[in-house]
Amino acid sequence: MAKGMSRREFVQRSAGVAALAGIGGSFLAACGSGGSSSSTASIPLARLDQPVTLPDNGVDPVKSGLKPETGTLKVLNYADYISPDTVKKFEAAHGVKVEISTYDTEDKLLADLRNKKLKIDLVIGATTLNLPKDVAGGLIQPLNREYLPNFSNVLTSLQSPYYDVGSKYTIPYTVYTTGIAYRRDIIDDSKFAGDDSWKLLWDPAYKGYVGLIDDMREVLTLGMYYLGLHDTNTGDPAVISKAEKQIDALVKATDARFDINAYQKIPEGTSHINQAWSGDMLSATGYLPEGTKPEVLGYWKPTHTTVANDFHVIPARSERPVLAHALIDFLLVPANAQENFATVGYQPAVNKPNGPDLIAADLVPPQLSTSLVTNADVSGGYRLDALSRDVEKLWSDAYSRITAG
Amino acid sequence: MRRSERNRADPQALWAGLTVPGTLWLVVLFIVPFYAIAAIAFGGADPVFGSAVPKWNPLQWSFTAANEVVSEIIHGALRGVFLRTFSYVFISLALCFVIGYPVAYYLARHAKRSRTFLLVCLVLPFWMSYLMRMLAWVNLLNPSGGWAARALNAVGAPGFFKLIGLGNGGEVWFGQPITVVLGLVYGYIPFFILPLYASLDRIDPRFVEAARDLGAGARQAFRRVTLPLSVPGILAASVITALPMFGDYYTNTILSGSPRTEMVGNQIELFITRSQQPQKGAVLVLVLSALLLVLMWYYLVSTTRAQRQAS
């Protein structure tokens, strides 16, 4: 189904867009509203150990006490990244229409946000990679918590995320980890006993059946994890070079293929072991050939691994900001979040329904409970954050060399 | 006297006028976009948003990205990508010739009542998206039961392709050079056959009859008459087929995804859509275009020479 591909394309494309210009490679020189003219503000690059409170960007939040607007809410989203049934329920509840247009890369989203002729009321699926640009460019508006009564259901560990302390501009949507998807009928679970099972991706025994996520940051980070290195936003050329060599070795040993189709390849059996996002496996059951049981699907992740989430933002020029808040809040209601998950396949970043709830509702096979993300995963996870332009170039050049064979 | 001169000049003006739409088309859809690519390749990046900022004034052009790309093509990883791309395209063209020439020849010379039907069959694949046709091959080559994979493995194809350097000997076909080559052939062979058929169809059969009357056998008549006269058609078919092959990235992405089969088109796609270095992607486009211009120049010289010989 396209839903998974859209999600994957989202992360894949977004990873390449992160570069930020700035003094010493760590600060973004902010700009005037909607353009690139200079301003005095600057936004540090957020890191888990360096949380960032995003500054006021000159755009006012919507005033309190207003009724939701009527008419058509224009939503910009990845294809098939929200349940049509959930949207219909929202339309019925508010007596409005929701019109969804799509984007397929983080670049395209940024371009659409900068295009003043496009009318957008709400964006679903934005990530941290362009958040400083969105804020500094005056492209998004601060949120008004009064219109988000279900905010308390946001996953506790993401209620005040390091990239937007106090959730001033963003509300989390989905959350996922990076691990290994595998065929349990071919590779025994016991091989994934330790935290060092990344090494299985280098095993020539699986030659021809190994896959990696076609994403610069994910692939090079895999090389670092293999070496026991965990600075996932490093600007050290030596570390990036070492990771590059490890991935070269992996390709030579296994003829690994790079794509974003683990959710299809593992169920179909064209890949037996694949670096994958947890959401891949949560949606993979829909791709099993007839007669193949869901029990063949496995997902492993170490104690600490890459964790990511995306979020909603409201554009500065939204004509229906209250209604946009209403849809964000609607998706935080447990029943709606669960219904939406059943279609989208990526775990909602909410406290309820949590992992056990989704298993109890038969939406996740028990052996794939490892795909579910907990508060502990988020707190102890590694993050792939925005990089300075110079550092991004190091990663990009290394990845180009890897993919050039 | 003056009137007759004007009467002679008017048709020339008419013909010149008729070229205006084509010229405008060329300017608007080729020259301007091509200059835009150059403006991006030698331009800069927005300091805040990171997007490419074209520089239209050549005096302001920066050649940093161009130098990096050229250096990588000469000494670095991109050299292998270019060599691989050229070898894949030339092997694919050779296979297109071997498979396509007999088909085009049969259509032009021997298909009588079935000609229209066969031509429709040739055009039929165009009715379906190229992407869909490639995705169909993903199923056919599936190691868990794809019948094409089973058939290839049953006849010992992995060993043969390893022997000629186009495979790794394994029975998983995804990620092997031969899979990409066969994908290119499958995807583009109609582009090869149709112009070649048109060229063969235009050859006056009396030339062959004259050769036979003068004592040439069927093979000799083909070798001495038909084949030389079809050279312009072969070259035209090769150009029409090779140009999209050089820039192709779908085929490799869908049928392989392996760094070991990466083509120039894949690197262009990587730089433009998935990195913060669109300038490098634009430079690669220019470099590839320059190399293709050389091939086009060879094509033009060859066809001109062939026409002279024919006349």
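The values are calculated or read from the model by the stated rules, or taken from the named source; none is laboratory data. Not measured: the values here are computed from a predicted model. Neighbour counts run over all protein chains shown; Cβ positions are idealised from the backbone, glycine included.
Is it fair to say A:LYS89 is surrounded by fewer than 20 Cβ atoms within 10 Å (Cβ to Cβ), in a helix (DSSP H, G or I) and within 11 Å of chain B (Cβ to nearest Cβ)? No; evaluated as a whole, the condition is false for this residue. If you go through the stretch B:88-108 and pick out every residue that is touching a residue at least 24 places away in the same chain (Cβ under 8 Å) and either closer than 14 Å to B:LEU194 by Cα or not in a helix (DSSP H, G or I) (or both), you end up with 10. Per this entry, A:THR178 is not counted among residues that are away from every other protein chain (no Cβ under 13 Å), surrounded by fewer than 22 Cβ atoms within 10 Å (Cβ to Cβ) and under 20 Å from the mean Cα position of the chain (by Cα). Summed over the stretch A:184-211, the residues that are within 14 Å of chain B (Cβ to nearest Cβ) and not hydrophobic (A, V, I, L, M, F, W, C) give a count of 7. Filtered by the rule that a residue be of a type outside the set (Phe, Trp, Tyr), within 24 Å of A:ASN261 (Cβ to Cβ) and within 12 Å of another protein chain (Cβ to nearest Cβ), the stretch B:154-179 gives B:PRO158, B:GLY167, B:ASN168, B:GLY170, B:GLU171, B:VAL172, B:GLY175, B:GLN176, B:PRO177, B:THR179.
Restricting the stretch A:51-110 to residues that are in contact with a strand residue (DSSP E or B) (Cβ under 9 Å, 6 or more places away or on another chain) and of a type in the set (S, T, N, Q), the residue that is farthest from A:PHE341 (Cα to Cα) is A:ASN57. Just one of (1) at pLDDT 90 or above; (2) surrounded by fewer than 16 Cβ atoms within 10 Å (Cβ to Cβ) fails for B:ALA108. It is (2). If the condition is being surrounded by 11 or more Cβ atoms within 10 Å (Cβ to Cβ) and either assigned to a loop (DSSP other than H, G, I, E, B) or touching a residue at least 40 places away in the same chain (Cβ under 8 Å) (or both), then the stretch B:145-167 contributes B:GLY145, B:GLY146, B:LEU166, B:GLY167. Inspect all residues belonging to the stretch A:387-400 and state whether any of them is surrounded by 17 or more Cβ atoms within 10 Å (Cβ to Cβ), within 18 Å of the chain's Cα centre (by Cα) and either touching a residue at least 40 places away in the same chain (Cβ under 8 Å) or away from every other protein chain (no Cβ under 14 Å) (or both). Yes, there is a match, as at least one residue in the stretch A:387-400 is surrounded by 17 or more Cβ atoms within 10 Å (Cβ to Cβ), within 18 Å of the chain's Cα centre (by Cα) and either touching a residue at least 40 places away in the same chain (Cβ under 8 Å) or away from every other protein chain (no Cβ under 14 Å) (or both).
No other residue among B:VAL53, B:VAL70 is among the β-branched types (Val, Ile, Thr) and either within 14 Å of chain A (Cβ to nearest Cβ) or buried (at least 16 other Cβ atoms within 10 Å of the Cβ) (or both) apart from B:VAL53.
Taking the stretch A:245-331 and the strands (runs of 3 or more DSSP E) fully enclosed by it, the elements with 2 or more residues that are under 17 Å from the mean Cα position of the chain (by Cα) are at A:273-277, A:307-313. Scan the stretch B:86-102 and give yes if some residue there is within 14 Å of another protein chain (Cβ to nearest Cβ) and crowded, with 21+ Cβ neighbours inside 10 Å, otherwise no. The answer is yes, given that some residue of the stretch B:86-102 is within 14 Å of another protein chain (Cβ to nearest Cβ) and crowded, with 21+ Cβ neighbours inside 10 Å.
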